[in-house]
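To keep things clear, I will list the structure first and then write my remarks on it.
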Amino acid sequence: LVLNIFNESEPMWLTFKRLGLEAAWIPKDNFDKTVSPDLTLNPEFSSLGIILGKSPSLDVTYTCFNMEDSILGQNVHLRRAISLAWNTQKTIELLYNNRAIPSHSPIPPGLLGYEENFVNPYQKYDTVEAKREMARAGYPNGKGLPAITYLETDNALSRQWSDKFRQEMAVLG
């Protein structure tokens, strides 16, 4: 058994394309070049004998708040504003190639305990309500809010997440 560890998706994908790996997932930036709109493998890959396997998988991606932080941890309205300013559907489109299902709780679809009809009122994208929550938090248009540190791992996808987060929070000031 040979285990290859790749810190970035691009070297893994290039190794796979050279037939240096038995199997690989398709990185989001390579998806449109690999899979056609009808979700079949593009000829470049099928001509190499590569087979497209499709199966749902569980993946939970989330942003958590440091509840011990004197600003975020003590201000529910600020946390609500951040949640309302985050566009989950746009995230699924840009970062998951439209291949994800949003969840309104920590228990994702497919696991015991998932409540299909539960709707988190702060999970929707609503910049008008987000701005109201910012005002309730004491930071109308972001005025007076100190810098908030957003921590991510250091890889290409994480940098894209961070950039998207920064862009979407700009609406809050």
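The values are calculated or read from the model by the stated rules, or taken from the named source; none is laboratory data. What you see is a predicted model, and the numbers here were worked out from it, not measured in a lab. When we count neighbours, we look across all protein chains shown, and the Cβ atoms used for this are built from the backbone with ideal geometry, even at glycine. When the accessible area is computed, the model is the full protein with side chains, heavy atoms only, and any ligands, DNA or RNA have been set aside. Shrake-Rupley method; radii C 1.70, N 1.55, O 1.52, S 1.80 Å.
Tell me which residues, restricted to the stretch 130-161, are surrounded by 16 or more Cβ atoms within 10 Å (Cβ to Cβ), more than 22 Å from the chain's Cα centre (by Cα) and of a type outside the set (Ser, Thr, Tyr).
Hits for the stretch 130-161 are LYS131, ARG132, GLU133, MET134, ALA137, LEU145.
For residues that are over 24 Å from PRO121 (Cα atoms) and within 23 Å of the chain's Cα centre (by Cα), scanning just the stretch 42-84, find the one that is least open to solvent (accessible area, probe 1.4 Å).
The selected residue is GLY53.
Does MET169 satisfy the criteria of being in contact (Cβ under 8 Å) with a residue 12 or more places away in the chain, in a helix (DSSP H, G or I), closer than 27 Å to GLU8 by Cα and open to solvent by less than 80 Å² (accessible area, probe 1.4 Å)?
Criteria met by MET169.
Return the residue satisfying two criteria in turn: it lies in the stretch 104-129 and is within 29 Å of ASP38 (Cα to Cα) and without any contact (Cβ under 8 Å) to a residue 40 or more places away in the chain, and of such residues it is surrounded by the fewest Cβ atoms within 10 Å (Cβ to Cβ).
This residue is GLU116.
Taking the stated definitions as given, is ILE101 in contact with a strand residue (DSSP E or B) (Cβ under 9 Å, 6 or more places away or on another chain), open to solvent by 70 Å² or more (accessible area, probe 1.4 Å) and either at pLDDT 90 or above or over 23 Å from ARG159 (Cβ atoms) (or both)?
Considered against the rule, which asks whether it is in contact with a strand residue (DSSP E or B) (Cβ under 9 Å, 6 or more places away or on another chain), open to solvent by 70 Å² or more (accessible area, probe 1.4 Å) and either at pLDDT 90 or above or over 23 Å from ARG159 (Cβ atoms) (or both), ILE101 comes out as no.
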